[in-house]
Amino acid sequence: MIMSIDKERKNPFFEPYATPHDTAPFDRIRMEDYEEAMLEGIRRDDEQTEKIINNPEKPTFDNTIINVDDEKDGEGYYDLLSRVSTVFFNLLSAETNDEMDALAQKMSPILTKHANDIRLNERLFERIKYVHRHHRKLTPEEKMLLDNCYDGFVRSGALLDAAGKERLRQLTEEAAMLGLQFSQNLLKENKAFTLHITDESQLEGLPDTAREAAALAAKEQEKES
């Protein structure tokens with residue numbers, strides 16, 4: 001049997017969704033798309049970081065915080081990791097499967113390391129700190145964005161010494177894996193849980209359709225209904 005391969009197919013995360021309200025095109029997403037998009041998103045994040053820290057111009061709000069001069073950014077080019085992670089981890093927490101669990105276990109330490117690499121990047125933080133202390137007149141919205149950016153780096157360990165940063169890396173990577181394992185175990189337990197009710201009085205007020213569905217489920221599980 002000869003199988004045809006769709007060479008023209010593109011990862012749906014790599015292009016505009018073109019869906020109502022820009023919702024994720026779940027009907028076009030395949031399992032292999034997640035890892036590919038996450039790794040590419042990490043590469044793009046690193047590319048953006050390098051462009052910011054290697055900019056020979058004096059740090060400003062525009063070239064450091066929002067990077068408005070980059071045309072790619074207007075197309076969501078540097079938003080890829082955020083978009084794919086949002087879709088993947090929301091699905092993971094709601095309706096996971098063995099494949100998604102395995103991918104989460106694989107990608108979690110990679111994503112945590114990537115986040116640390118950005119938040120603990122000394123050259124990047126020096127630019128942000130400079131803008132925080134010396135900036136043009138900002139709108140209230142811009143000021144809030146700048147403050148949130150600066151505070152986010154500080155809370156993520158940007159002011160720690162080298163030893164503190166290394167210890168923080170170890171703790172965040174360990175916490176990420178433990179948190180992921182806990183959430184996966186909790187979801188599996190919730191999915192496996194069933195409430196078997198045989199006392200009719202406890203079903204008072206329940207619609208007949210719900211009763212019939214519950215009775216059918218009990219019959220399929222060979223339980224008394």
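Identify, from the list Leu171, Leu187, Leu206, the residue that is in contact (Cβ under 8 Å) with a residue 60 or more places away in the chain, hydrophobic (A, V, I, L, M, F, W, C) and surrounded by 10 or more Cβ atoms within 10 Å (Cβ to Cβ).
Only one candidate passes the filter, namely Leu187.
Quickly run through region 8-20 and pick out the residues that are open to solvent by 100 Å² or more (accessible area, probe 1.4 Å) and farther than 17 Å from Tyr77 by Cα.
Hit for region 8-20 is Glu8, nothing else.
Taking region 95-114 only, how many residues are without any contact (Cβ under 8 Å) to a residue 12 or more places away in the chain and not charged (D, E, K, R)?
Residues flagged as without any contact (Cβ under 8 Å) to a residue 12 or more places away in the chain and not charged (D, E, K, R) within region 95-114 amount to 2.
Restricting attention to region 190-203, report how many residues are closer than 25 Å to Asn90 by Cα, open to solvent by 90 Å² or more (accessible area, probe 1.4 Å) and not in a helix (DSSP H, G or I).
Here is the first cut: in region 190-203, the residues closer than 25 Å to Asn90 by Cα are 190-194.
Going one step further and asking which of them are open to solvent by 90 Å² or more (accessible area, probe 1.4 Å), we end up with 190-191, 193.
Next, only the ones that are not in a helix (DSSP H, G or I) stay: 193.
Residues meeting the conditions: 1.
Kindly check whether there is at least one residue in region 104-120 that is of a type in the set (Asp, Glu) and over 30 Å from Gly179 (Cα atoms).
no
Write out, first by first residue and then by second, each pair whose Cβ atoms fall under 6 Å of each other, whose residues are 6+ apart or on separate chains, and whose first residue, in region 30-44, is more than 12 Å from His114 (Cα to Cα) while the second is of a type in the set (S, T, N, Q).
Hits for this filter: Asp33/Asn11; Glu36/Asn11; Ala37/Asn11.
Consider region 134-163. How many of its residues are acidic (Asp, Glu) and open to solvent by 80 Å² or more (accessible area, probe 1.4 Å)?
Here is the first cut: in region 134-163, the ones acidic (Asp, Glu) are 141-142, 147, 151, 161.
Within this subset, residues satisfying the condition of being open to solvent by 80 Å² or more (accessible area, probe 1.4 Å) are 141, 161.
So the answer is 2.
The values are calculated or read from the model by the stated rules, or taken from the named source; none is laboratory data. Every value quoted in this text rests on a predicted model; they were computed, and no experiment measured them. Here Cβ is always computed from backbone atoms with ideal geometry, including for glycine, and neighbour counts include all displayed protein chains. These area figures cover heavy atoms from the full protein model, side chains too; ligands, DNA and RNA do not enter into them. Shrake-Rupley method; radii C 1.70, N 1.55, O 1.52, S 1.80 Å.
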